Amino acid sequence: MIDSINKISNIFTMYKGISFGLIGIWAAALTLSFLGLLSYSPLAMVASLLVAVLSVYGASYACGKIFGVHVHGESSLITGLILALIISPTLDVGGLVVLLFAGIIAGVSKFIVVHNGRHIFNPAALAAFVIGIAGLGGASWWVATPLLTPIVLLVVLISLYKSHRMSVALVFLAVAVPILLIVFATYGTTLTENLYLLLSWPLLFVAGVMLTEPLTLPPRKWQMYVEAVIVGVLFAIPLNLVIVDMTPALAILIGNVVAAVFLSREKISLVFKKRRALTPTTDEYIFTPNKPIKFTAGQYLEVQLPHKKTDFRGYRRSFSITSIPGAKEVAFGIKFYTPSSTFKTALQALPVGSTIAATGYWGDFVLPKNLSTPVLYVAGGIGITPFISHIQTSEKSKETRNTVLIYAVNNPDEIAYKDILVRSGIKVIIVSKEKIKDLPYNWKQVREFRISKDLIAKVVPDVAFRKAYISGPTPFVATAKKALRSLKAKNIETDYFLGY
């Protein structure tokens, strides 16, 4: 079942997934409208959607032309859909004009309210807040309708599963729900009425769509939890401030400010320097950043490569950084498939000297601070990449760690970064069915097709005492994690290919 879900989710990027999810929610609402189960007419819903999406896209397109930057059309679609789901549908001219203003505010904010090329606030939340404080009505959050709860829940679960941000949403809900129930109790309502009220609050929508939006999240998981707690408290407590009342939109915006404090808001541009072949299907791409990138070894960078006739997967990708923090060059190991995506086709054709943009770096796949903690790396194919940054960083700082690497490859030709692995001197176990000749010192081969509990127990008998790291395709990570848990491994970090 999980494998089937992974195969389906890997077809599309995070941005495509949330676009389709929001369209699905709106389509479900339109169906309920046709059935007379919502108070909004189908025509009002269609008109409001068109105004919201077109105004966001129009404002974004105009700003793109003015500032000479590429416009991410899918981002405009997502923002327009959110506005159409949180501002009440209407056929009233005045109401549509307000929605038009909201779309323009959201679109322009992506280019004006920015720092080093990245927007600070969730555009839809900012638009809702501005029209509210201007006395134009604000957001009703009508998507939080009990009848829509099943479809919203489904979309949110898929989104959080895809982004691996489920824990962040759960922290938000764990904070907000108890506070809301306490607030509801002061109304003198029954438990049944309180539960109904919960379904009328945009808890799920905020948790799975707006709070966990990638570009406004801080880079580390603990920082995300801090933001989730703050937003959860502000979201649930009905505060009456001097100038404005607390609203879900304002709570999200305050959370964005918290994230901005944590997040290094560097404008990152990368000049393509060279590439080298790692394996028959994998190349390392080396770029020169506009300034040294102060990431932590094991983190990933999201890059943008706009190109013509972009396919279903879009023009953004996240790649684990293989170079060391603060270096003059930044590198990625990238695997190519046949047929290839339009992104990777464009990457293969990228001329030396070309400049691409990066939106930032994220991730908690970092080494333990205690050097005495023994470490186990489990890599599947190109999942070796974050470990290369770990190994090179430790080598440069002359750190000594008790490290074992289990490296699963389809065949010996697919062993990437062999030179770095050999130089490091760490113990390496290659899992591959095809026999490998002339194994380097401290290397061992296990001739199996895949990772298993018995295999790990055999080659790493002290696995329960090691901090384990798993990196690779989602099915590989899931299988290895299950095996490690069954072996009583207590501390497991995973690095998935998010496919943003």
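A short reminder: the numbers here are calculations on the coordinates, not readings from a lab. Source: prediction; values computed, not measured. Quick reminder, even Gly has a Cβ in these numbers, built from the backbone with ideal geometry, and neighbours come from all protein chains shown.
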Inset, instruction - Give the relative contact order (percent, whole number) for the chain; include only Cα pairs under 8 Å separated by 6+ residues. - result: 12 percent
Inset, instruction - For region 355-420, list log₁₀ I(q)/I(0) at each q in 0.16, 0.19, 0.26 Å⁻¹, using the Debye formula over Cα point scatterers of equal strength and ignoring solvent, two decimals each. - result: -0.66, -0.87, -1.23
Inset, instruction - Once you have all Cα-Cα distances for region 2-261, histogram them in 10 Å bins from zero and send the whole-percent values. - result: 7, 30, 39, 21, 3, 0
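Given 20 °C and 1.002 mPa s, compute D for region 231-299 with the Stokes-Einstein relation, Rh being the Kirkwood radius over Cα pairs; round to the nearest whole µm²/s. Mind dumping the intermediate values first?
Values: Rh = 16.2 Å.
Calculated translational D: 132 µm²/s.
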Legend entry - Cα gyration tensor of region 386-442 - equivalent ellipsoid semi-axes, whole Å, descending: 22, 11, 10
Legend entry - 222 nm mean residue ellipticity, helices alone, for the chain (DSSP H n ≥ 4; -39,500 (n - 2.57); rounded to 500): -14000 deg cm²/dmol
Legend entry - Of all DSSP beta bridges in the chain, antiparallel share, percent nearest 5: 55 percent
Legend entry - Value of D in µm² per second that Stokes-Einstein yields for region 227-361, Kirkwood Rh from Cα pairs, at 20 °C (1.002 mPa s): 123 µm²/s
Inset, instruction - Please give the direction-averaged projected area of the C-alpha convex hull for region 98-205, in square nanometres with one decimal. - result: 8.9 nm²
Inset, instruction - Run down the aspartates and glutamates and flag those whose C-alpha is under 17 Å from the C-alpha of Lys481, throwing out any fewer than 8 positions away in its chain. - result: Asp3, Asp364, Asp454, Asp462, Glu493, Asp495
Inset, instruction - Could you point to the residue in Gly103, Thr216, Ala27 farthest towards the positive end of the chain's charge dipole, with +1 and -1 charges on the Cβ of Lys/Arg and Asp/Glu respectively? - result: Thr216
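Please report, in cubic angstrom per residue, the volume enclosed by the convex hull of the alpha-carbon atoms of region 375-495. Write down the numbers at each step before the final one.
On the way: hull volume 11.3 nm³, N = 121.
Taking only Cα atoms, region 375-495 has a hull volume of 94 Å³ per residue.
Quick check on region 37-175: what does the Kirkwood estimate of hydrodynamic radius come out to from the alpha carbon pairs, in Å?
On the way: mean 1/r = 0.0627 Å⁻¹.
Over region 37-175, the inverse of the mean reciprocal pair distance is 16.0 Å.
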Legend entry - Crossing angle, helix 166-185 versus the chain [Cα axis fit, 0-90 degrees, rounded to tens]: 30 degrees
Inset, instruction - Estimate the FRET efficiency between Val93 and Val459 by the formula 1/(1 + (r/R0)^6), using the beta-carbon distance for r and 51 Å for R0, to the nearest 0.05. - result: 0.10
Legend entry - Proximal aspartates and glutamates relative to Lys418, as straight alpha-carbon distance under 16 Å, when same-chain residues fewer than 8 apart are discounted: Asp283, Glu284, Glu395, Asp438
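Which values, in whole Å and largest first, are the semi-axes of the equivalent ellipsoid of the chain obtained as the square root of 5 times each eigenvalue of the Cα gyration tensor?
Details: eigenvalues 373, 134, 86 Å².
Its equivalent ellipsoid spans semi-axes of 43, 26, 21 Å.
Evaluate the charge dipole of the chain about its Cα centre and quote only its size in Debye, nearest 20, assuming +1 on the Cβ of each Lys and Arg and -1 on the Cβ of each Asp and Glu.
1900 debye
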Inset, instruction - Check cross-link reach from Lys344 to the lysines: straight Cα distance under 16 Å, and skip same-chain residues fewer than eight apart. - result: Lys274, Lys308, Lys309, Lys335
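When only DSSP loop residues count, what trypsin sites (Lys or Arg not before Pro) in region 362-466 have their Cβ near at most 15 other Cβ atoms within 10 Å? Spell out each step's value before the answer.
Numbers: sites: Lys369, Lys396, Lys398, Arg401, Lys418, Arg423, Lys427, Lys433, Lys435, Lys437, Lys444, Arg447, Arg450, Lys453, Lys458, Arg466; in loops: Lys369, Lys398, Arg401, Lys433, Lys435, Lys437, Arg447, Arg450, Arg466.
Those that pass, being in a loop and sparsely packed, are Lys369, Lys398, Lys433, Lys435, Lys437, Arg447, Arg450.
For Asp495, Asp364, what's the fewest-to-most ordering of other Cβ within 10 Å of each Cβ? Walk me through the numbers before you get to the answer.
Working: Asp495 23, Asp364 16.
Ascending Cβ contact count within 10 Å gives the list Asp364, Asp495.
Take the cross-link list Lys16/Lys453; Lys221/Lys291; Lys162/Lys427 and give me the ones stretching past 30 Å between alpha-carbons. Before the final figure, lay out each step's value.
Values: Lys16/Lys453 35 Å; Lys221/Lys291 25 Å; Lys162/Lys427 33 Å.
Violating the 30 Å limit, Cα to Cα: Lys16/Lys453; Lys162/Lys427.
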